[in-house]
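As structure tokens, the structure follows; a few thoughts come after it.
We did not get these values from a lab; they are worked out from the coordinates using the rules stated. Small disclaimer: the values here were computed from a predicted structure and weren't measured. Cβ placement follows ideal geometry from the backbone for every residue including glycine, while neighbour counts extend to all protein chains displayed.
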Amino acid sequence: MSFERYKLFEYRSLAHRLFKRHHTHFNDIYWSQRIANRHVFSLTKPYKRDDSITLLFNPTTDEIRNSRSLGEWADWYSDFDRWSRLASIVGLAGYLETYIAQVSVAAFESTPSLVLGGGPKVDGAVFLKHNANYDLYQHSESLTRGDWQARVSAYKGFFGSCPFENLISELEKLRILRNDAGHSFGRDIKSMRFAQGWEVKKLANISDSKIIDFLKLVESVANSIDSHIAEEYVGQYEIIKVYHQWLPTLENANRYAQKERAKKFRKYFFELTSGIYSPALKMMDYYDSL
């Protein structure tokens, strides 16, 4: 297989591969909890709210007072379920922003003219190889901070247009909810700005259908970004960077023939990504020529 600098490995960026793993992991965790929640509550049907918790559970005194009723436990567990769904919002927004930061940094470092206002496409892999401090992360911060209107504006400033501009409204809902969950234990920040009473305000209730909507939203945004900029600006820069960072860790690298070194890198790459990177030898030749 030939190596093409601006041809994506298996049609997507490494950043997107990690996004999909985060996305799958989130789904596995979230729906496991939902199944467990439904099952546990189904066990309470033969009992009354006033029945002792010890009729169904065998708690220690460190976990919960034995004198509590099943009804009290059910209220607390319902609150925990609400809280866990709010916590999942933090995770959802977080791994979307992680992806955006990773893919944009890869684009900027791969094609540094993006941060210089345009111009001829210069291969940033040259700077990566010869500059130990090559790092353009700071330019990605405007894409992951502030409201989504500002982020879209910054995105358009770098890449000309924005494929998810029509989703600003939904992304803002996710951002605001994430902030409420992160700063006020899931409660509306504005309502908590003055502690005028001792009453604990009720947690917001995020439905499964809303979580599903947010899952579709973040996947749509990530897919649209990868389709928009990954091949044109990133290509196989991420793989070159993986090789660049791996090479110094290979003990006595110079004693290995190029083919043997390529074999070792393919093994390392597979451990990282589960992907079989066939053009390793040609990529290494490209790297050596920089």
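Values for this structure:
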quantity: Sites I212 and S2, calculated FRET efficiency, Cβ-Cβ separation with R0 35 Å, nearest 0.05; calculated: 0.25
quantity: Separation of the E260 and S84 label points, Cα + 7 Å toward Cβ, nm; calculated: 5.2
quantity: Most positive-pole-ward Cα, A125, S84, P59, against dipole of the stretch 27-162 from beta carbon charges; calculated: S84
quantity: J(HN,Hα) series, the stretch 238-251, from Karplus relation 6.51 cos²θ - 1.76 cosθ + 1.60, nearest Hz, glycine and proline x; calculated: 4, 5, 4, 5, 4, 5, 4, 7, 7, 3, x, 7, 7, 5
quantity: For the stretch 1-74 versus the stretch 132-151, the gap between their alpha-carbon centres in whole angstrom; calculated: 32
quantity: Charged-residue dipole, Cβ positions (Lys, Arg, Asp, Glu), the chain about Cα centre, Debye nearest 20; calculated: 320
